[in-house]
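Before any comments, here is the structure.
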Amino acid sequence: GRAALRACGVHNVCRLLSRRAHGFYARDAGVAHRKNLGLLRKIMCQESTKFKNVWTTHSASPIAYERGRIYMDNYQCCITSIAQQPRLIYQKSKCAKSEKIEDALLLECPMGELLPSPSDYKASLIVLTVQNWLLRLSADSGEVLEKVYLAGSCCKFFRYLSWDTPQEVMIVKSAQNKLPAAARQAGIQQSVLFYLAVFQVLPLSFIGMLEINKKIFGNSVTDVAVSNGILIVMYSMGLVRLYNFKAILEQFMEQQFHLGQEFNWNGQVGIVGKYPFGLPCNIKITDTPPLLFEASSLENAFQIGGYPWHYIITPNKKKHKGVFHICSLKDNALAKNGIQDMKCCSLEPDWIYFHPDMSGRIIHVGPNLIKVLKLKEVKNHADQMEIAEDFTIVANRENCVNNSVTVTASGRVVKKRFTLLDDDPEQETFKIVDYEDELDLLSTVAVTQIGTDGRAHLDFHCNEHGILLKSIPLKESWDVTYSHEVYFDKDLVLHIEQKPNRRFSCYVYQMVCDTARDDD
């Protein structure tokens with residue numbers, strides 16, 4: 001580091017890091033990677049570059065996509081999408097209903113850390129089964145690398161996996177604990193609503209298990225989540241409360257346990273993480289933790305982001321649906337121009353969120369308009385922030401005519417008794433907006449449906465200015481009444497469609513540069 005400083009004449013660490021990030025040092029490993037991605041982006045956005053539908057499949061079970069791998073048959077079948085033609089990686093025998101996978105997370109090796117097992121350095125899949133087993137599977141073979149039994153006497157219904165800190169701390173959440181109707185009629189009370197099991201990953205280690213109890217958090221709790229060290233508790237009346245999750249673990253942990261350790265806990269003797277004992281509930285919240293923040297929002301919709309920190313809510317009344325308030329987290333002050341309302345007349349509501357590129361910007365998506373907003377200081381008022389428009393993307397509705405009054409050939413005036421909705425299928429409408437971080441591109445899916453035939457195209461926009469760089473027509477028909485997911489991953493586009501009666505389809509597109517020999 002000192003040699004590098006002397007060589008370039010830089011005597012400030014911050015300047016050195018800034019110059020390194022901009023690629024000043026050719027021997028820096030990140031420089032080659034950034035250059036390669038820059039070249040890929042230029043090639044991909046060339047007019048001659050096409051995306052060709054190279055593979056299509058259909059399934060009676062859900063299809064999932066994770067980092068170049070397509071999973072089918074409840075994760076029993078894995079197909080790589082990185083090859084020129086998707087090919088099978090592994091196919092396991094059909095599992096019993098008792099082994100059905102409820103949820104899954106992709107686990108990738110952390111950089112620069114020594115790990116206990118060679119298998120830890122390869123990608124793996126953490127899955128949660130219906131019988132409360134947590135399994136770590138090899139992403140290359142589906143082999144079971146580790147298994148942990150979760151449910152002892154406390155809980156029988158773990159169902160959800162999520163990240164507290166991505167690729168570091170994982171949360172396993174139970175379904176809401178509800179008493180049978182007969183028990184409720186008999187007057188039996190149930191105070192525990194949810195269980196949360198907390199794990200450190202790679203190596204997989206047990207941190208603790210806690211319960212979310214009515215006696216501590218209140219009777220009207222409807223859901224809980226953990227993200228970035230914050231426990232988020234949601235209530236039926238739209239209230240959202242935030243607590244310091246790390247402080248809760250430290251304050252209320254009664255005893256630490258390790259996977260595979262023999263234990264004697266509340267009269268139970270067993271091995272941590274082994275059947276039939278599972279995991280002990282070793283974090284007992286006996287007092288209401290200190291409240292960090294609370295807000296009331298329609299349907300518990302609440303987001304934090306931006307710089308300085310701001311949050312987005314919808315006022316907690318149905319008449320305000322589609323109206324978003326952007327406020328300072330520091331003092332709850334509404335930002336100047338902080339009320340965002342597209343005044344859409346549509347079946348599907350518009351949506352808003354903080355840009356995932358960590359720029360602090362905000363993306364607001366309506367049926368025919370995407371606004372990218374930014375926070376900036378109010379002139380001559382450094383302590384006040386305002387919302388300003390960075391750029392907009394507008395749907396192509398040039399050929400759309402929506403006159404309420406028309407004149408026939410004979411001269412008769414005809415008045416329409418209705419007006420088209422903003423998201424009428426016959427008008428081009430935005431359905432999906434996503435961000436490709438490695439290529440720094442904003443992607444949008446816009447759909448137009450005439451009768452039963454719907455046509456969609458995936459567009460790539462410059463993330464900095466919103467300029468349209470590339471448009472890719474999707475070959476398959478798009479029905480707006482079906483559920484759709486579109487993934488854009490470097491040179492790959494993948495479309496997963498769910499039709500009625502649990503019928504699923506997957507369409508894979510690959511980038512093709514040499515189009516001289518192919519009409520597609």
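The values are calculated or read from the model by the stated rules, or taken from the named source; none is laboratory data. Here the structure is a predicted model, which means the values were calculated and not measured. Backbone-built Cβ (ideal geometry, glycine too); neighbour counts: all protein chains shown. Ligands, DNA and RNA are excluded from the accessible area calculation, which covers all protein heavy atoms including side chains. Shrake-Rupley method; radii C 1.70, N 1.55, O 1.52, S 1.80 Å.
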message = Cβ contacts < 7 Å: first residue more than 17 Å from residue 459 (Cβ to Cβ), restricted to the stretch 478-490; second residue part of a loop (DSSP other than H, G, I, E, B), any location; separation 6+ or different chain. Result?
response = 480/425
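Being part of a strand (DSSP E or B) and open to solvent by 60 Å² or more (accessible area, probe 1.4 Å) is the filter; apply it to the stretch 34-55 and report the residue that is farthest from residue 439 (Cα to Cα). Lay out the reasoning, then the answer.
Filtering the stretch 34-55 down to residues part of a strand (DSSP E or B) leaves 50-55.
Filter once more, keeping what is open to solvent by 60 Å² or more (accessible area, probe 1.4 Å): 50, 52.
Details: 50: 17, 52: 20 Å.
Per the criteria, the residue is 52.
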message = Restricting to the stretch 233-262, name every residue that is assigned to a strand (DSSP E or B) and crowded, with 17+ Cβ neighbours inside 10 Å.
response = 233, 234, 235, 239, 240, 241, 242, 243
query = Residues 123, 139, 181, 96: which one is out of contact with any helix residue (DSSP H, G or I) (no Cβ under 7 Å at 6 or more places or on another chain), open to solvent by 40 Å² or more (accessible area, probe 1.4 Å) and over 30 Å from residue 235 (Cα atoms)?
reply = 96
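Give me a count of the residues in the stretch 85-138 that are outside any strand (DSSP E or B) and acidic (Asp, Glu).
Pass one, the stretch 85-138, residues outside any strand (DSSP E or B): 85-86, 92-100, 108-123, 130-132.
Right, trim to acidic (Asp, Glu) and you get 99, 108, 113, 120.
Residues flagged as outside any strand (DSSP E or B) and acidic (Asp, Glu) within the stretch 85-138 amount to 4.
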note = Pairing a residue in the stretch 333-350 that is open to solvent by 80 Å² or more (accessible area, probe 1.4 Å) with any residue that is not charged (D, E, K, R), where Cβ atoms lie under 6 Å and the two sit 6 or more apart in sequence or on different chains, gives 336/378; 337/387; 339/325
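Do any strands (runs of 3 or more DSSP E) entirely within the stretch 344-391 hold 1 or more residues that are touching an Asp or Glu at 6+ places or on another chain (Cβ under 7 Å), and if so, which? Talk me through it step by step, then tell me what you get.
On the way: elements: 351-354, 362-365, 369-378.
Counting at least 1 such residues, we get 362-365, 369-378.
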query = (1) of a type outside the set (Phe, Trp, Tyr); (2) buried (at least 16 other Cβ atoms within 10 Å of the Cβ); (3) in a helix (DSSP H, G or I): which one isn't true of residue 164, the others all being true?
reply = (3)
message = Exactly one of these conditions fails for residue 502: (1) open to solvent by less than 60 Å² (accessible area, probe 1.4 Å); (2) touching a Ser or Thr at 6+ places or on another chain (Cβ under 8 Å). Give me its number.
response = (1)
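A quick yes/no check of all residues on (1) open to solvent by less than 50 Å² (accessible area, probe 1.4 Å); (2) closer than 26 Å to residue 255 by Cβ; (3) at pLDDT 85 or above:
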site: 155; (1), (2), (3): yes, yes, no
site: 190; (1), (2), (3): no, yes, no
site: 196; (1), (2), (3): yes, yes, yes
site: 206; (1), (2), (3): yes, yes, yes
site: 209; (1), (2), (3): yes, yes, yes
inquiry  = Residue pairs, Cβ under 7 Å, 6 or more apart or interchain, first in the stretch 372-393 and at negative phi, second among the acidic types (Asp, Glu) and modelled with pLDDT under 95. List them.
reply    = 385/377
key: Exclusive hit being of a type outside the set (A, V, I, L, M) and in contact with a strand residue (DSSP E or B) (Cβ under 6 Å, 6 or more places away or on another chain), set 98, 81, 117   = 81
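Quick check on residue 147: is it assigned by the TED database to the domain that holds residue 280, open to solvent by 50 Å² or more (accessible area, probe 1.4 Å) and in contact with a Ser or Thr (Cβ under 7 Å, 6 or more places away or on another chain)? Explain how you work it out, then say what you get.
Working: assigned by the TED database to the domain that holds residue 280: yes; open to solvent by 50 Å² or more (accessible area, probe 1.4 Å): yes; in contact with a Ser or Thr (Cβ under 7 Å, 6 or more places away or on another chain): no.
No, not satisfied.
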ask   = Within the stretch 428-474, can you find the residues that are in a strand (DSSP E or B), farther than 20 Å from residue 48 by Cα and of a type in the set (Asp, Glu)?
value = 434, 436, 453
message = Can you tell me which condition residue 177 does not meet? The list is (1) within 18 Å of residue 126 (Cβ to Cβ); (2) at pLDDT below 90; (3) touching a strand residue (DSSP E or B) at 6+ places or on another chain (Cβ under 7 Å), and all the others hold.
response = (1)
